[in-house]
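Trainee: Please read through the structure below; I'll follow up with questions.
The values are calculated or read from the model by the stated rules, or taken from the named source; none is laboratory data. Predicted model only: the values in this text are computed from it and were never measured. Methodologically, a virtual Cβ is constructed for each residue, glycine included, from the backbone with ideal geometry; neighbour enumeration extends over all protein chains shown. Heads up: the accessible areas ignore ligands, DNA and RNA and are worked out on the full protein's heavy atoms, side chains in. Shrake-Rupley method; radii C 1.70, N 1.55, O 1.52, S 1.80 Å.
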Amino acid sequence: MTLAMMNTHKAFKALQLAGVSDQQAEAMVEIFTEMQQDNALSRADLMKVGEGISGSIKELDLRLSGAIKELDDRLSGAIKELDLRLSAAIKELDDRLSKAIKELDHRLSGAIQELNTRLFAVETRLNAMEKDIGELKADVKQLKADVSALKTDMRWIKRLLMVMATSMVIASVKYIFS
């Protein structure tokens, strides 16, 4: 094999190892071979182009680094501003909720106190009613006893009246026939 063929084969293998497809590697090797044969570009021209590319890459790297730093600074500022705004909003909500809870607690305490007062009044009335009912039950019991005694007395009075009426009838009959 000639030197040009060996360089072509090495270039093809190197491109394959670099992950370039066979068809693309073959096309690239053909282009490089034609360039060498036509002597279109000299080594110095390629070095000059390489240096230009290296310079462009460095310039691009500097510009991208600057842009990334600027974006990072802007993003950090935006994050800090958002953090401050969210912290203020959270504090405001916390204050409002605390105030609402205190107000609700105060109102509930008042309502509970009022309910306790009303409940005490109802309980007092209930106790008085229970006492009155107890007295009424005792009075009813006494009335029942009195009615029962009155019934017994009425029976005796009836009996006495019967005895008196009978005695009068007997005395009258005796007076009339004597």
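Trainee: Hey, any hits in segment 101-120 for a residue that's surrounded by fewer than 10 Cβ atoms within 10 Å (Cβ to Cβ), aromatic (Phe, Trp, Tyr) and either at negative phi or outside any helix (DSSP H, G or I) (or both)?
Mentor: There is no residue in segment 101-120 that is surrounded by fewer than 10 Cβ atoms within 10 Å (Cβ to Cβ), aromatic (Phe, Trp, Tyr) and either at negative phi or outside any helix (DSSP H, G or I) (or both).
Trainee: Only one residue in Ala67, Ala27, Ala78, Ala40 is over 57 Å from the mean Cα position of the chain (by Cα) and modelled with pLDDT of 80 or more, so which one is that?
Mentor: Selected residue: Ala27, the only one of Ala67, Ala27, Ala78, Ala40 that is over 57 Å from the mean Cα position of the chain (by Cα) and modelled with pLDDT of 80 or more.
Trainee: Of (1) modelled with pLDDT under 90; (2) open to solvent by less than 100 Å² (accessible area, probe 1.4 Å), Leu62 satisfies all except one. Which?
Mentor: The one condition Leu62 does not meet is (2).
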